[in-house]
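This report refers to the structure that appears directly beneath it.
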Amino acid sequence: MSEGKTVTTLKKFDIFALPFQFTFGNNEKEKKTIIGGLISIAILIVSSVYFGYLCYLYFQNKVQPQVVSSNIFQKNSYAMQFEQNFIAIQVILPSGQNLYDFQQQTGKIYLNILAIHKTGNVIFDFVPQPLIPCSDSNLSGYLCFDSSKIGDGDNLFSLIYNPDDLELNQFNIVFGICNPMLIKSPYTCEDEQVIRNTLISYNTQITARIGLTQFNTQTKRLEQRVVKEPFYFDTMLGFYTKFHLQKTDLTQQEGFIIQNSNYSTYFSGYSRRDIFSSQSFIKSEMRMNILGAIEFFIGSESIDLNIQFPQFTSLLAQFTSVFNSLLFLGIISKFFAESEIISQVAEMQLKVYFKKSALFILQQIGQGEDIQREQQRGLDQLINYIKKQDFKNLGKKMKISLFNKIMYIFMGHMKKEEKESIQVKMFKQIVSQSNKALNIFEMQKELLQLKIMMRLILSVEQYAAIQLCGSKLPISSEMQKEQEQEVIQGIKDEESQFSNQIVSQDQKLDKSIEMKEEKQQNLQDKSQNNILSYNKEKQESVRKFNATVYPVSIEQQVIDQRKVNLQTKFISHLEKIDMIERDEVFFKTCLEKFLLSKSEPQSEIDKRILECMIGIDDQNCIQ
C-alpha cells in the first residue's frame with residue numbers, strides 16, 4: 001500500500017505528462033498544411049538569421065552591458081595605492097625646451113619642484129623631496145615622485161582616506177624659486193630676477209599629468225585615461241590647486257550561463273579647486289618664495305559602479321521574444337488548418353452519412369453520367385465511386401467564392417443575396433453540420449442519445465450477455481494466402497470428382513446403348529436416323545450437364561463463395577461486421593443477399609434501410 005501511494009505521489013509531480021489528444025490519421029496529433037509549412041520555413045529562416053546576428057554581437061562583445069552607477073559618501077577610512085606614473089609634472093620654457101633638461105645643461109637651477117607627503121596636522125614637520133625623472137619610458141621629460149623617499153618602494157605610493165579630515169593625508173607639489181639650501185653641488189641658483197623674467201610668462205607651460213583608470217566595456221578591461229591640467233605663473237599671485245581624487249569600486253559580472261564577479265578599485269576622476277594668494281602672503285606663511293603648489297588627496301565622494309554583462313540566457317530571452325512575435329504569423333496558417341479540418345469532416349460526412357447529398361453534389365458538378373454507369377455495374381461499385389471522390393474543395397466545386405467561403409467558415413455568415421442558389425444552401429448546410437460535428441458538446445449529446453437507444457433496444461439479459469462479446473483482429477496476410485490455397489485445392493478436388501461422375505455416366509449410357517442395339521438388331525423397321533437422333537440427344541444432355549456444372553462465369557463465383565464461406569465459417573457476428581469494412585467480396589455477397597430478399601416480407605429496419613439506400617428506385621436521390 002505504501003509503495004502504491006509513493007508511485008501515485010511521484011506521478012503527481014510529473015510536469016511532462018502527455019494530455020489526451022485525438023489524431024488526424026497517420027498518428028498525427030496536429031493538422032499541418034502547405035501554407036503553414038511555407039510560413040514556418042519563412043519564420044525559421046528569419047529567426048535563424050536574427051539568432052546568428054545576436055550570436056555575432058554577443059561573441060564580439062558588441063552587446064551593451066547593464067551599467068548601474070551610484071555616488072556614495074564614504075564614512076570609513078581606507079587606503080589607496082597608486083603607481084609612480086599616476087602623477088607627473090612637466091615645465092616647458094617659452095623657448096620650447098624642457099626646464100629639467102635646460103637646468104642640467106646650464107648647471108643653473110631656476111625652479112625647485114619639491115614633493116611633500118603630509119601624514120599629520122603640521123606640514124612643516126616633513127622634509128620636501130625633489131621630483132625625479134619618471135622611470136616610465138613613455139613619460140620622457142616628466143618628473144615624478146621618488147618612492148624611495150616618500151613612497152612605499154617599488155614605485156608605489158599610498159593615500160589614506162580620513163572621513164574626519166580629508167586633507168590629513170596628502171601629496172603636495174611645490175613650485176618655488178631656487179633656494180640654495182635645497183640644492184646640491186655642483187648646481188647653483190640663478191639670479192632671482194633672471195628666474196622671474198624667464199619663468200613668469202604665459203608662454204611657460206606647466207602641465208600636471210594625471211593617469212586615471214576607466215573600464216572599457218568593449219574589451220572588458222581596465223584602461224588608463226590621461227588627463228592633463230595646465231598651470232601658469234604670475235608676477236604677483238601664486239596658485240594653490242587642490243585635487244579631490246575620486247575612487248571607483250567596480251563590480252564586474254559576466255559569464256556564459258553562470259555569472260562570476262570580479263572586483264576592482266581605482267582612481268577614476270577628480271574635482272579641481274583653485275585658490276590664489278599674493279606671493280608675499282605665501283612667503284610670509286610658508287617661509288618660502290613659492291610661485292604655486294598642487295595638493296592631491298582622496299575626496300569624500302566615491303562611485304559604486306556595477307557592470308553586468310548579458311548572459312547567453314538573456315540573449316535567448318531576447319531571441320524568444322522576437323521569435324514569439326514572428327509566430328503571430330502562424331494565425332494565418334491556423335485559419336487554413338481549421339478550414340482543412342472542416343473540409344475533411346465535411347468529406348467524411350458526405351461519404352459516410354450524407355451519401356444522397358454526395359450524389360447530388362456530383363450530379364451538380366457534371367458527373368451524372370459517371371454515376372449512372374457505376375450504378376449499372378452494381379451498388380457496391382457505386383459506393384466505391386463515392387469513396388474515391390474528393391469533396392475537400394467543395395467551395396470551388398460548388399462555385400462558392402473564396403471570400404464567401406472564409407466569411408461563412410470563420411464568421412458564420414455569407415454576403416446576403418436576394419435569392420440563394422441550391423449550391424449556396426447546400427454549402428451552408430455542409431459547413432453547419434461539420435461545425436456541429438466538431439463541437440464536443442454535440443458529440444457528447446449524440447453519444448448519450450446513442451447510449452440510451454442501445455439500452456432501450458436490448459433486453460436486460462441481452463445487455464448482460466454483450467459484456468462477454470468481442471471481436472478479434474484481422475488475420476495476417478500469410479494465413480489468408482494459406483486459406484485461399486485451401487479454397488483453390490478444394491475446388492480442384494470437386495472438379496476431379498465431377499469429372500469422374502461424368503465419365504461413369506458416359507459409360508453407363510454407352511452400355512445401355514449397346515444393350516438396346518443388341519435388342520433391336522432384329523427390328524428392321526427401325527431406321528438408322530432414329531439411332532443418330534438418340535445419339536445427338538445423348539450428346540446434348542451431356543453438354544447441358546457440363547454447362548450447368550462448369551460455366552466460366554459461375555466458376556469464379558464458386559471460388560469467391562467458397563472463400564467467403566471458409567473465412568466466415570468460424571467467426572462471430574461482430575467479426576463479420578468488421579469484415580464488411582475491409583473485404584470487398586464479403587461486402588458484395590452480403591449486399592446481394594440483402595437485395596435478393598427485398599421482395600419478401602421485411603422488418604421495419606429492413607424497410608428503413610431500403611428507404612435510405614442510394615441507387616435504389618430513386619434516381620434523382622434529392623429534390
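Run down 213, 251, 207 and say which single residue is assigned by TED's automatic domain parsing to the domain that holds residue 134, surrounded by fewer than 18 Cβ atoms within 10 Å (Cβ to Cβ) and more than 30 Å from residue 177 (Cβ to Cβ). It would help to see each step written out before you state the result.
Details: 213 fails: surrounded by fewer than 18 Cβ atoms within 10 Å (Cβ to Cβ); 207 fails: more than 30 Å from residue 177 (Cβ to Cβ).
Going through 213, 251, 207 in turn, just one is assigned by TED's automatic domain parsing to the domain that holds residue 134, surrounded by fewer than 18 Cβ atoms within 10 Å (Cβ to Cβ) and more than 30 Å from residue 177 (Cβ to Cβ): 251.
Does residue 83 meet the test of being among the acidic types (Asp, Glu), on the phi < 0 side of the Ramachandran plot and modelled with pLDDT of 90 or more?
On the way: among the acidic types (Asp, Glu): yes; on the phi < 0 side of the Ramachandran plot: yes; modelled with pLDDT of 90 or more: yes.
Considered against the rule, which asks whether it is among the acidic types (Asp, Glu), on the phi < 0 side of the Ramachandran plot and modelled with pLDDT of 90 or more, residue 83 comes out as yes.
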Filtering the range 33-59 down to residues that are exposed (fewer than 13 other Cβ atoms within 10 Å of the Cβ), within 18 Å of the chain's Cα centre (by Cα) and at pLDDT below 85 yields 37
| request: Say whether the condition of being surrounded by fewer than 16 Cβ atoms within 10 Å (Cβ to Cβ), under 60 Å from the mean Cα position of the chain (by Cα), at positive phi and not hydroxyl-bearing (Ser, Thr, Tyr) is met by at least one residue in the range 224-243. | output: no
Is it true that residue 62 is exposed (fewer than 11 other Cβ atoms within 10 Å of the Cβ) and assigned by TED's automatic domain parsing to the domain that holds residue 231?
no
If we keep only residues of the range 271-299 that are modelled with pLDDT of 90 or more and small (Gly, Ala, Ser), then the residue farthest from residue 72 (Cα to Cα) is 278
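Residue by residue, here is whether (1) exposed (fewer than 14 other Cβ atoms within 10 Å of the Cβ); (2) under 30 Å from residue 73 (Cβ atoms); (3) without any contact (Cβ under 8 Å) to a residue 24 or more places away in the chain holds:
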{"position": "306", "(1), (2), (3)": "no, yes, no"}
{"position": "311", "(1), (2), (3)": "no, no, no"}
{"position": "316", "(1), (2), (3)": "yes, no, yes"}
{"position": "319", "(1), (2), (3)": "no, no, no"}
{"position": "325", "(1), (2), (3)": "yes, no, yes"}
{"position": "333", "(1), (2), (3)": "no, no, no"}
{"position": "336", "(1), (2), (3)": "no, no, no"}
For the range 164-175, pairs from a residue that is closer than 15 Å to residue 80 by Cβ to a residue that is in a loop (DSSP other than H, G, I, E, B) and β-branched (Val, Ile, Thr), with Cβ under 6 Å and 6 or more apart or across chains, are 169/119
So the strands (runs of 3 or more DSSP E) completely within the range 77-196 holding 2 or more residues that are over 30 Å from residue 249 (Cβ atoms) are 87-92, 111-118, 170-177
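Being under 17 Å from residue 93 (Cα atoms) and small (Gly, Ala, Ser), is that true of even one residue in the range 253-261? Don't jump to the end; show me each part of the working.
To start, the set of residues in the range 253-261 that are under 17 Å from residue 93 (Cα atoms) comprises none.
The answer is no, given that none of the residues of the range 253-261 is under 17 Å from residue 93 (Cα atoms) and small (Gly, Ala, Ser).
The values are calculated or read from the model by the stated rules, or taken from the named source; none is laboratory data. As the structure is a prediction and not an experimental result, all values here were calculated from the model. Cβ coordinates were reconstructed from backbone atoms using ideal geometry, including for glycine residues, and neighbour counts include every protein chain displayed.
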